[in-house]
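Throughout, read-outs are computed from the coordinates displayed, never taken from laboratory work. On a predicted model such as this, the values are computed, not experimentally measured, just so you know. As a convention, Cβ positions derive from the backbone with ideal geometry for all residues, glycine included, and neighbour counts pool all protein chains shown.
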Amino acid sequence: MSLDRSRAYAEWGVTGLLRAQPQLQILPGSEEVLVLGGPLRINAEDERGVRVTDVFDIEIRVDTQYPDVLPAVYETRGKVPAAFHRNSDGSLCLGAPIRLYQELHRTASLEAYVDKCLVPYLFQVALVQAGQDPPLGELSHGAKGVLEFYRDELRMPSLLAALDCVRLLELPWAASNAEACPCGSGRSLGACHSFFLDKLRGVRPREWFHREHKRLHASCNVGLVEAAIGASHQPARGPDPVRSNRGVG
Amino acid sequence: MTESGRVASTTGVVFELASQLEIPTTLYKKAESRYAGLADWFHRKESALSEADCMVYPQGSFRLGTVVRPLDPKQEYDLDLVCSVAVDRRSTSQMTLKAVVGEEVRAYAKAMQIRQRVEEKKRCWRLNYTDDVPFHMDILPATPDDARFVDALVAQGVPRPLAQYTVAITDKDHHDYEVLGADWPKSNPKGYATWFESRMQEVAGLRIKALVDSLQYKSIDEVPAYEWKTPLQQAIQILKRHRDVMFRTNRQARPISMIITTLAAESYRGEPDVLSALRRIVADMPQRIRAARPLVPNPVNPAEDFADAWQANPDLRAAFFDWHTQLSLDTQMAAEIADPAALIDFASARFAVQLPIDRAKASLGATGHAGHVVRPEVVTRIAPNAPRPWGGE
């Protein structure tokens, strides 16, 4: 077991993170969970040149199934307003799960996860507390927010079209490409938005998208579906690669 | 910074740490007078034990000279004692021995006007004895084991001089607790202490000789282990404090001192200073854990596994490994600290030790500043497509 743990820690780059953030340390955890906690120093700058230097007391709980299970991150000193994006267990909602998996798919390093997912979140918290709008934008809560991510990432005209894309992501590549593109162009997916779906294919196994689709489908309320149906009745839009990912929320 | 400069600075820090974690010798002396007092009580004429061949001696960290200042100054010191009484196990059960010793401990508590109740534990009696020093004494009733078991230990590779100290002890939860003539649980604290001392005898030689030469002790055999102050003992104190701090929020999960002490003593190779001892121990410790049970055998009773609890509770095994991971990283990072303020923060965060500024500066030494590389400022770039905060269900 300890050998496995040692190998896992090496793969996750635990020491890399603790070296980069020397005030962070391992806290008592369990066989299933590695707990890292302490002050996290951020010194971050966005494209506009806005700089945030701050310290947050955080706790990161890394499941031994990581990176298949996302780390849970908590802020322990009440510096993140309770109303800011959180899960029901109080952990910070850093982003739509599939978006976070996208980062983990590139590298399983915890240091990169902190840099790419946690620091941007805390960067926004600091700016919101200074009275600014969150510069990266926010997603709605619940299934709607996740669908917003899919819609924007996959360049879909509506949330319902985005939901249909999630269904296609659970199919094998060739089978999904033979289906009609959810954007409503009348072309097959393969000849239309397949390029965008490729950004998510393989990020998670197909069974994961099956569960994701079931989850999203089940939690879509009538209002959302109606709004989405309304949207899909609008003239269909083809892929528009130059349209930027939603900039400001 | 050069390697030699790094070693010099870390030596200073480690030395400072070791001296701050040490308890005053007077406290060891106080502990000695405590168990001497208890022994006198057991030997007094009216004692139920006065006729028996009875000995009281310390075990654990007071015996080994590895006591660490408690994190909380109000916390009690654990003084573990063995009360060894020669009894015939054909006519005396575990329960009887436990009861006889318990009676005498209670009478002692009464005579000393100790108000707190004597508590019965699984294997020992606990006497909370607080005057100017808060101690609790755990008194373990025991009886010398028979020659048959000593021979069995020798057959398992335990040297006879260590095996001969083996004792049979009582355990309230043992299936034969009330049965005459049955097998009793085993222990060998004196054998363990003798083994532990043998791991550092050579390096302690000069200091022991100096203490005898200065007439503080009559002979080298009289110099107790707490006076030896070897790099092994100091390294163990540093390890224990690091553990105490890391597990201050969850004491139940912390790696037990017996595991740390045994693995450290096994890893120690007679290094002459604390820093090299610490480095050796931290590097070698995990390899000292056996692949199959017993994972951490008692060196003087190989059937006993100090890591026995890891089987029922795998979290404890994970906790040991996590502690070692952090410890290993901390020993490396300590060597890279260039700035006295950072060193003070580090000592405080990892060891709960307040390093005075002049000591921190002195620890970094003459080589400290000129050779250090100033780390460039690290700025995290926030990508425009970074994840947007969401709210889960």
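Observations on the structure shown:
- When the square roots of the Cα gyration tensor eigenvalues are ordered a ≥ b ≥ c, the ratio a/c for region A:40-122 is 1.5 or more and a/b does not exceed b/c, which makes its shape oblate.
- When peptides B:285-297, A:89-101 are ranked by their average number of other Cβ atoms within 10 Å per residue, the highest-first order is A:89-101, B:285-297.
- Ranked list, fewest to most other Cβ atoms within 10 Å of each Cβ, for A:196, A:56: A:196, A:56
- Across region B:275-287, computed HN-Hα scalar couplings (Karplus, 6.51 cos²θ - 1.76 cosθ + 1.60, θ = phi - 60°) run 4, 5, 4, 4, 4, 4, 5, 4, 5, 8, 3, x, 5 Hz from first to last residue, x flagging Gly and Pro.
- Here's how it looks for residue B:230: its modeled amide H is under 5 Å from none belonging to a residue 5 or more places away or on a different chain.
- For chain B, average projected area of the Cα convex hull in nm²: 26.8
- Region A:147-212 shape via C-alpha gyration tensor axes, a/c threshold 1.5: oblate
- Cα convex hull of region A:107-151 - mean projected area over all directions, nm²: 4.0
- Exercise: per-residue mean of other protein chain Cβ atoms within 10 Å, B:64-76: 0
- Around the amide H of residue A:29, modelled in the peptide plane, lie the amide H atoms of A:35, all under 5 Å away and 5 or more residues distant in sequence or on another chain.
- Computed packing ranks the peptides B:42-53, A:111-122 as A:111-122, B:42-53, most packed first, by mean other Cβ atoms within 10 Å.
- Degrees separating the helix B:3-21 axis from the principal Cα axis of chain B, which is the longest one: 40
- Order of A:123, B:306 under a 10 Å beta carbon neighbour criterion, fewest first: B:306, A:123
- Working from label points 7 Å from Cα in the Cα-to-Cβ sense, the residue B:252 to residue B:207 distance is 3.7 nm.
- Size descriptors for region B:194-286: radius of gyration and Dmax over Cα atoms are 14.7, 46 Å.
- With a simple spin-label model that places each label point 7 Å from the Cα along the Cα-to-Cβ direction, the separation between residue B:130 and residue B:378 comes to 4.5 nm.
- Whole-Hz ³J(HN,Hα) from phi, Karplus 6.51 cos²θ - 1.76 cosθ + 1.60, for region B:24-40, glycine and proline x: x, 4, 4, 5, 5, 5, 4, 4, 4, 5, 4, 7, 5, x, 5, 4, 4
- At q = 0.18, 0.19, 0.22 Å⁻¹ the log10 of I(q)/I(0) for region B:29-114 amounts to -0.87, -0.94, -1.13, computed by Debye summation with a single uniform scatterer per C-alpha, solvent ignored.
- GNM result for chain B, Cα springs below 10 Å: residue of B:185, B:73, B:376 fluctuating most strongly: B:376
- From the Kirkwood radius over Cα pairs of region B:235-393, Stokes-Einstein at 4 °C and 1.567 mPa s returns a whole-number translational diffusion coefficient of 70 µm²/s.
- GNM on chain B, alpha-carbon springs under 10 angstrom: the most fluctuating residue among B:245, B:167, B:67 is B:245.
- Alpha carbon Rg of region A:7-154, scaled by the compact-globule rule 2.2 N^0.38 Å: 1.02
- Rg and Dmax [Cα atoms of region B:287-344; Å; Rg one decimal, Dmax integer]: 16.4, 49
- Considering every alpha-carbon pair of chain A, the percent of pairs per 5 Å bin, from zero through the bin containing the longest distance, is 1, 6, 12, 16, 17, 15, 13, 10, 6, 4, 1, 0.
- Under 5 Å from the amide H of residue B:167 lie the amide H atoms of B:145, B:187, B:188, each residue being 5 or more positions distant or on a separate chain, with H modelled from the backbone and absent for Pro and chain starts.
- Global dimensions of the protein assembly as shown from alpha-carbon coordinates: Rg and Dmax equal 32.0, 106 Å.
- Sequence-ordered 3J(HN,Hα) estimates for region B:78-91 from the Karplus curve with 6.51, -1.76 and 1.60 and θ = phi - 60° stand at 8, 10, 9, 10, 10, 10, 9, 10, 6, 10, 8, 6, 6, 10 Hz, glycine and proline given as x.
- The mean number of Cβ atoms from other chains found within 10 Å of a Cβ in peptide A:27-38 is 5, as a whole number.
- For q = 0.19 Å⁻¹, Debye-computed log10 I/I(0) when each Cα of region B:93-205 counts as one equal scatterer: -1.01
- Test item: B:322-335 mean partner chain Cβ contacts at 10 Å: 4
- Whether region B:152-250 is rounded, prolate or oblate, judged on the alpha carbon gyration tensor where a/c under 1.5 counts as rounded: oblate
- Each peptide in B:260-270, A:39-49, B:209-219 gets a packing score, the mean of other Cβ atoms within 10 Å over its residues, and the list from highest to lowest is B:260-270, A:39-49, B:209-219.
- Both radii were evaluated on the Cα set of region B:253-331; the Rg over Rh quotient, with Rh as the Kirkwood radius, amounts to 0.97.
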